[in-house]
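Below you'll find the structure, written out as structure tokens, and then a few comments.
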Amino acid sequence: MTAVQTIHTMAAAARAALSDLAAAPTAQKAAAITAAAAAIRARAGDLLAANAADVTDARTAGISAALIDRLALDAGRVQAIAAGLDTVAALPDPVGESIRTWTQPNGLAFERVRVPLGVIGIIYESRPGVTADAAALCLMAGNACLLRGGSEAGRSNAVLLQCVAAGLASAGLPAAAVQLVPAGDRALVGAMLAAQGLIDVIIPRGGKGLVARVAAEARVPVLAHLDGINHVYVDASADRATAVAITVNSKLRRTAVCGAMETLLIDRAAPAGLQHAVIAALVDGGCEVRGDPDVLGLDARIGPAGDQDWNTEYLDAIASAALVDGVEGAIAHIARHGSSHTDAIVAEDPGVAERFLAAVDSAIVLWNASTQFADGGEFGFGAEIGIATGRLHARGPVGLEGLTTYKTLVRGTGQVRA
């Protein structure tokens with residue numbers, strides 16, 4: 001069977017499952033997700049063994065430390081995956097929600113209600129947890145999904161799909177609602193991207209190479225997740241302890257996540273002690289800092305930044321740093337170099353902070369909080385499909401609501417149009 005035939009067969013089965021999903025009550029969908037979470041807990045040992053084999057092969061293949069961090073599971077991460085599914089199962093069901101009602105002078109009554117997107121294709125790399133999160137979110141929002149994870153996580157994803165399949169079976173929902181596209185054959189990705197009329201939306205989660213391929217080849221609408229070139233701006237009004245804590249957490253809590261800070265901007269008018277403290281805390285924490293000429297004088301351990309550094313998502317313990325002329329300088333720098341993902345300001349002056357919040361056009365903009373809160377779980381969504389950085393349909397962490405669209409119901413009493 002060719003790649004196109006494989007995807008067409010899988011997508012057709014997924015589309016056939018949509019009618020069962022549309023008719024499924026909230027309790028049935030929640031039961032499937034809860035049962036999947038229980039299966040993950042019961043098979044934690046199998047999952048960890050599969051993941052250890054994946055990590056070993058990835059290291060042998062020379063995969064980067066950042067991708068290894070995304071790939072690797074431990075007991076805590078497995079429990080977090082299961083807990084995330086339980087959280088999704090307990091969320092309000094968006095399907096059928098009434099968004100707006102209105103009546104026209106002619107007596108026609110209009111109601112806009114949420115409906116599933118349909119069949120969703122999700123293409124992702126490294127993170128096996130995406131398999132469980134995506135399955136749960138798509139299912140709760142009434143969508144069927146085709147999951148195409150990277151070959152580096154093949155064993156882990158297979159175990160997770162088995163757990164999801166067990167949950168679907170226990171709740172009486174069709175197995176075709178969640179399918180795992182075989183990894184390793186790049187032609188299958190191309191077939192997914194070209195499957196107009198069979199797949200309704202493609203969601204890519206991965207590096208620049210994957211995103212570039214999706215942008216070039218997709219004939220299906222795309223809900224895009226681009227680079228996380230994220231900034232923290234420390235204003236002259238910032239509290240020193242707060243600025244140090246937020247900056248260090250934003251960069252070093254987990255360097256390989258898309259919400260990690262990549263560039264630190266400091267107000268040129270900030271007290272010298274504040275400037276030194278923030279930079280020193282990063283370096284002391286094990287971060288390589290690459291600075292502009294003004295920053296180089298703050299700490300002898302800083303190296304010079306090149307032009308490419310301001311546009312780089314390191315996903316590692318590396319950060320670029322620059323002094324800027326106040327909040328307007330920070331806004332201008334972010335507009336030139338940001339990726340519309342996540343940016344934060346540390347400031348005690350509310351006027352400055354509100355100016356930053358209003359002017360920075362990113363999916364997530366924070367005041368006095370770490371950029372590492374760029375996560376669907378932290379938003380109360382239970383999990384996320386990804387963080388959308390575009391301007392159509394959804395922005396920021398995409399949870400249940402972002403996996404729905406709407407239709408308009410019109411109720412009349414015999415009206416005809418003149």
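A few comments on the model shown:
- Computed over Cα pairs, the Kirkwood radius of region 19-95 leads via Stokes-Einstein (0.692 mPa s, 37 °C) to a diffusion coefficient of 229 µm² per second.
- In summary, the aspartates and glutamates within cross-link reach of LYS29, defined as a Cα separation below 18 angstrom excluding same-chain residues under 8 places away, comprise ASP20, ASP86, ASP93, GLU97, ASP133, GLU384, GLU401.
- By the helix-only formula, in which each DSSP H run with n ≥ 4 contributes -39500 (n - 2.57) and the sum is divided by residues, the chain has a 222 nm mean residue ellipticity of -13500 deg cm²/dmol.
- Note: region 325-371, Cα convex hull, 63 Å³ per residue.
- With contacts taken as Cα pairs under 8 Å and at least 6 residues apart, region 85-204 reaches a relative contact order of 28 percent.
- Protein accessible area in the chain, 1.4 Å probe - carbon and sulfur %: 55 percent
- Exposure check, 1.4 Å probe, all protein chains in place: LYS29 carries approximately 0 Å² of accessible surface.
- Accessible area ranking (1.4 Å probe, heavy atoms, ligands and nucleic acids excluded), largest first, for VAL130, VAL248: VAL248, VAL130.
- Length added when fully stretched, LEU108-LEU357, from 0.36 nm per residue minus Cα-Cα: 85.6 nm
- By the Cβ-Cβ criterion of under 4.7 Å, the unpaired cysteines of the chain are CYS163, CYS258, CYS287.
- Rounded accessible area per residue of the chain, 1.4 Å, Å²: 40 Å²
- Region 244-381: Cα Rg divided by the 2.2 N^0.38 Å rule of thumb: 0.97
The values are calculated or read from the model by the stated rules, or taken from the named source; none is laboratory data. Because the structure is predicted, anything quoted here is derived from the model rather than measured. All Cβ positions, glycine included, derive from the backbone under ideal geometry; neighbour counts span all protein chains shown. The accessibility values were calculated without ligands, DNA or RNA, using every heavy atom of the protein model including side chains. Shrake-Rupley method; radii C 1.70, N 1.55, O 1.52, S 1.80 Å.
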